[in-house]
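Worksheet for the structure shown next.
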Amino acid sequence: MMLIGFTVLYAAGYDFNKFSSLAKQRYGDEAYKSTVELQELITSLQAAPEAEKLKQINKFFNQKIEFGEDIDVWGQADYWATPLESLGRGAGDCEDYSIAKYIFLKILNVSNDKLRLTYVRAELTRLDRKVVVAHMVLSYYATPQSEPLILDSLVPEIMPSSSRPDLVPIFSFNDKGLWVGTSSKPKSDSTSHLSRWRDVLTRIQADGIN
C-alpha cells in the first residue's frame, strides 16, 4: 500500500510529507519512490524487536545507496550527506550510510544512547594487497557496557565488534557526545568539535527531521 497524501509522525519532528515532497522536487520520481518504501518499512517495524529494526534499516540503506566517492557524487573531497540527499542520488560513501542508519533508527525509537557513528581504521584487500583506510560504521550498544554490534556498508551482516578484527575504532559520536577509542564515557560534546556533523544535522532538520 502506498502511503501518499498524509503526514505520518513516528518520532518528534519527523515529517514524512515534507521529506517525500522534497525528494520528488529535488530528485524526481525514483527518489520519491524510495522515501515511500522507507516509510512503509518504518510502519512495518513499529512494534518489532530492536534486533529486527537494526537488520532491516541496515539492509535498506545498504541496498538503496551505491558506494561512491564524495568527489564523484558531490564534487567535493569530503561531504556528509543527509539521508534525503543519499536517497536522492542513490549514492554515497561510508559516512552517508552511517548517518542515514543512525537517523532512521532514532525515528524507530531506538535510544540515542545506544547508537554511535564510529570512525575506524579498516583493513581491506585491494589488488591482492592489504591496505588500511579510514572508514565509518554505525555501532549499536544494547547497554552502555555491551560489546557493540557493527552496522557496516562493506559487510552486510551485522556482527559484534569482536568478529570484526579488520576494524580498529578511533573515535565515535552521536548528537550528544564524543567518545575516544573504546571508552564508555564521552569525552566532550560532538557538535562543538565536529563541524561537518553540526552542518549535516542542520540540513537534516531542514529536510523535515528534527
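The values are calculated or read from the model by the stated rules, or taken from the named source; none is laboratory data. What you see is a predicted model; the values in this text were computed from it and never measured. Every residue, glycine among them, receives a Cβ derived from its backbone with ideal geometry; neighbour counts consider all protein chains shown.
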Determine, yes or no, whether V131 is of a type outside the set (D, E, K, R), outside any loop (DSSP other than H, G, I, E, B), more than 25 Å from K64 (Cα to Cα) and in contact with a Leu (Cβ under 6 Å, 6 or more places away or on another chain).
-> yes
Within the stretch 21-35, work out how many residues are under 19 Å from N210 (Cα atoms) and more than 18 Å from the chain's Cα centre (by Cα).
-> 2
Mind checking whether some residue in the stretch 123-136 is under 20 Å from L105 (Cβ atoms), at pLDDT below 95 and either surrounded by fewer than 16 Cβ atoms within 10 Å (Cβ to Cβ) or hydroxyl-bearing (S, T, Y) (or both)?
-> no
Could you give me the residue pairs with C-beta distances under 7 Å whose first residue belongs to the stretch 157-171 and is free of Cβ contacts under 8 Å to residues at least 12 places away in the same chain, whose second residue is assigned to a loop (DSSP other than H, G, I, E, B) and of a type in the set (S, T, N, Q) wherever it lies, and which are 6+ apart or on separate chains?
-> none
Just wondering, is there one or more residues in the stretch 29-46 that are part of a helix (DSSP H, G or I), surrounded by 13 or more Cβ atoms within 10 Å (Cβ to Cβ), in contact (Cβ under 8 Å) with a residue 60 or more places away in the chain and not aliphatic (A, V, I, L, M)?
-> no
Criterion (touching a Leu at 6+ places or on another chain (Cβ under 9 Å) and modelled with pLDDT under 95) met by exactly one of A11, A23 | A11
Output the number of the condition that G88 fails; it satisfies all remaining conditions of (1) within 25 Å of K33 (Cβ to Cβ); (2) small (G, A, S); (3) assigned to a loop (DSSP other than H, G, I, E, B).
-> (3)
Please work out if S192 is loosely packed, with under 14 Cβ neighbours inside 10 Å, modelled with pLDDT under 95, touching a strand residue (DSSP E or B) at 6+ places or on another chain (Cβ under 7 Å) and farther than 29 Å from L124 by Cα.
-> no
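The rows are residues; the columns are (1) out of contact with any Lys or Arg (no Cβ under 7 Å at 6 or more places or on another chain); (2) under 24 Å from A51 (Cβ atoms); (3) of a type in the set (A, V, I, L, M).
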position	(1), (2), (3)
E85	yes, no, no
V120	yes, yes, yes
R126	yes, no, no
V131	yes, no, yes
L151	no, yes, yes
